[in-house]
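The next block holds one structure in the form of structure tokens; read it before the comments.
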Amino acid sequence: QVRLVESGGDLVQPGGSLRLSCAAPESIFSINAMGWYRQAPGKERELVARITPGGRPNYADSVKGRFTISRDNAKNTVYLQMNSLKPEDTAVYYCNVADPSSDYFPWGQGTQVTVSS
């Protein structure tokens, strides 16, 4: 695999949950911290969650306590469990390298998350 492939986005009501998945090339996954980013219409892309190769997570304040990032090193896959979703979480979600010592990998197509009643 030579690209990032995100999946799991959907339309969900406020307070609902979703689990996003991202399959990454082994060449970047095994040695880098990986992150979930999101971009809402008219806004810049932002990092919302990051996980080190050893599994240590970090979160943006806006999602702390609601989102959980995890990784399966055997499958080269990173996940984002999103609970208590809010309308302001609506965005296209992407995964990519989240390591200041490494360049971004070419961005995937992302997955759309829409939170609306």
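Please list, ordered by first then second residue, the pairs with beta carbon atoms under 6 Å, 6 or more apart or interchain, first in segment 103-117 and closer than 19 Å to T90 by Cβ and at pLDDT 95 or above, second of a type in the set (S, T, N, Q) and open to solvent by less than 60 Å² (accessible area, probe 1.4 Å).
T111/S7; T114/T90; V115/T90
Given the condition under 25 Å from S117 (Cα atoms), in contact with a strand residue (DSSP E or B) (Cβ under 8 Å, 6 or more places away or on another chain) and in a loop (DSSP other than H, G, I, E, B), answer yes or no: does some residue in segment 28-39 qualify?
Quick first cut of segment 28-39, residues under 25 Å from S117 (Cα atoms) only: 36-39.
Applying the additional criterion that residues be in contact with a strand residue (DSSP E or B) (Cβ under 8 Å, 6 or more places away or on another chain) yields 36-39.
So of that shortlist, the ones also in a loop (DSSP other than H, G, I, E, B) come out as none.
No.
Restricting attention to segment 69-114, which residues are surrounded by 14 or more Cβ atoms within 10 Å (Cβ to Cβ), more than 14 Å from L20 (Cα to Cα) and either hydrophobic (A, V, I, L, M, F, W, C) or within 12 Å of the chain's Cα centre (by Cα) (or both)?
Scanning segment 69-114 gives V97, A98, F105, W107.
The values are calculated or read from the model by the stated rules, or taken from the named source; none is laboratory data. Everything quoted here is computed from the prediction, not taken from an experiment. Positions of Cβ are generated from backbone atoms using ideal geometry, with glycine treated the same way; all protein chains shown enter the neighbour counts. In case anyone asks, the SASA skips ligands and DNA or RNA and just uses the protein heavy atoms, side chains included. Shrake-Rupley method; radii C 1.70, N 1.55, O 1.52, S 1.80 Å.
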